[in-house]
Amino acid sequence: MKTKLILIGFACIALFACADTSTSAKVISGAGISTPIDPFEQNAKLGRGINLGNALEAPNEGDWGVTLKSDYFKWLKSKGFDSVRIPVRWSAHTTESAPYTIDERFFKRVDWAIEQSLANDLMVIINIHHFMEIFEDPAAEEAKFLSMWRQIATRYANQPAGVIFEVLNEPHKELTAARWNDLLPKAINVIRDTNPHRTLFIGAAEWGGVPGLLKLDIPEDDNLIVTVHYYEPFKFTHQGAEWVEDDNADEWLGTQWTGTPAQVNDIREHFQTIVDWAEERNLPVNIGEFGAYSKADSASRAKWSSEVVRFALENNMSYHYWEFASGFGIYNPRTKKWDTQLLNALVNTQVN
């Protein structure tokens, strides 16, 4: 009886293994990456970037008013950007149970976005974004998280070095720093099975900001870029934001950022903390999100953004402004107008 049960158990394991493999069978053709890459060189190439947000990380593309168009990639390159970060909500497009197969139609949409980026000489970062369930119950969602990465990594294993993976956007809530430090290397190991030389972005818990960075353990890997999100002062960048929890963001309306010595020094101190931390670990840094909501006055938004860009450039950091369209955006798809003041701050600010 025990022998029979053992044989049945082995059969079940084999079936599960086969099922799991089938989720990641398709590989997009390409030459891939045959030799190791220097992450500092990669970070320099990423340069000036922007987030194509509120599109593929919405529950369904278009739900939040943004649908990606081929022209967007052309425009961004022509305006002076070097790279794009594309947030992706994979978790809304998988089967409900193991092996958590990602919907092929959705995969093809991400394929298209990557193709558009590369065709326009834009490096591209794709991530796992808005995986809300893992923030509530990390243990219960770990298998799904790793399965998604197994499928994503396998599909894009032959993509060029200009395609970068970001492991997870803004871990928070129950996915604490300690739990994230445990989960992160597991995800990296899954990715490395098929992408030994792919550059990876890793962010910290506690929403990916500076406080969480100080609690981040760095896995043993020689091709990592640390990505940090920066929205300080929060009462300026998120004034009037409807989604802010625990506070009435309307009370912050009218907050200005004029670049006083004290305001600039606050940014300098925050960036120095990042620099000191990264230099100690010999890691390149990307500012993966920063931005000011459109309910702030235009002059303040541009001035603040210019200062963040300047500090990033001074410290050899790449950056990705949040975002192209929507509430923080530099472009309004309804009016088809650009915020030229903000755009200028992002692409023309130079180091003093």
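The values are calculated or read from the model by the stated rules, or taken from the named source; none is laboratory data. Being a predicted model, the structure only gives us computed values, none of them experimental. In this analysis, Cβ positions are derived from the backbone assuming ideal geometry, glycine residues included, and neighbour counts consider all displayed protein chains.
Residue 55 fails exactly one of the following numbered conditions: (1) in a helix (DSSP H, G or I); (2) within 19 Å of residue 328 (Cα to Cα). What is the number of that condition?
Of everything listed in (1) in a helix (DSSP H, G or I); (2) within 19 Å of residue 328 (Cα to Cα), residue 55 misses just condition (1).
Give segment 58-87 a look and list any residue that's over 29 Å from residue 147 (Cα atoms), of a type in the set (Asp, Glu) and assigned to a loop (DSSP other than H, G, I, E, B), or say none.
82
Looking at 277, 257, can you tell me which residue is part of a helix (DSSP H, G or I) and in contact (Cβ under 8 Å) with a residue 40 or more places away in the chain?
Criteria check complete, one pass: 277.
Can you tell me which residues in segment 315-352 are assigned to a helix (DSSP H, G or I) and under 17 Å from residue 263 (Cβ atoms)?
Across segment 315-352, the qualifying residue is only 345.
Specify which of the listed residues (248, 282) is exposed (fewer than 14 other Cβ atoms within 10 Å of the Cβ) and either at positive phi or in contact with a Phe, Trp or Tyr (Cβ under 8 Å, 6 or more places away or on another chain) (or both).
282
Between residues in segment 330-352 that are exposed (fewer than 11 other Cβ atoms within 10 Å of the Cβ) and at pLDDT 95 or above and residues that are among the hydrophobic types (A, V, I, L, M, F, W, C) and not in a loop (DSSP other than H, G, I, E, B), which pairs lie under 7 Å by C-beta distance while being six or more apart or on different chains?
Between residues of segment 330-352 that are exposed (fewer than 11 other Cβ atoms within 10 Å of the Cβ) and at pLDDT 95 or above and residues that are among the hydrophobic types (A, V, I, L, M, F, W, C) and not in a loop (DSSP other than H, G, I, E, B), there is no close pair.
Spot the failing condition for residue 9; the list is (1) in a helix (DSSP H, G or I); (2) of a type outside the set (A, V, I, L, M, F, W, C); (3) surrounded by fewer than 19 Cβ atoms within 10 Å (Cβ to Cβ); (4) modelled with pLDDT of 95 or more, and only one is missed.
Condition not satisfied by residue 9: (4).
Could you figure out which of (1) part of a loop (DSSP other than H, G, I, E, B); (2) more than 24 Å from residue 313 (Cα to Cα) isn't true of residue 235?
(1)
What number of residues within segment 25-58 satisfy the criterion of being of a type in the set (A, V, I, L, M), modelled with pLDDT of 95 or more and either farther than 22 Å from residue 70 by Cβ or touching a His at 6+ places or on another chain (Cβ under 9 Å) (or both)?
Residues that pass the stated criteria total 7.
Looking at (1) hydroxyl-bearing (Ser, Thr, Tyr); (2) in contact with a strand residue (DSSP E or B) (Cβ under 6 Å, 6 or more places away or on another chain); (3) over 22 Å from residue 55 (Cβ atoms), can you tell me which one residue 94 breaks?
So residue 94 meets the others, but not (3).
Kindly provide the set of residues from segment 193-232 that are surrounded by fewer than 16 Cβ atoms within 10 Å (Cβ to Cβ) and assigned to a helix (DSSP H, G or I), ordered by number.
193, 211
Filter segment 39-72 down to the residues that are charged (D, E, K, R) and in contact (Cβ under 8 Å) with a residue 12 or more places away in the chain and list them by number.
Hits for segment 39-72 are 45, 48, 57, 61.
Considering only residues of segment 148-183 that are aliphatic (A, V, I, L, M) and over 16 Å from residue 198 (Cα atoms), which is farthest from the chain's Cα centre (by Cα)?
Going through the qualifying residues, I end up with 178.
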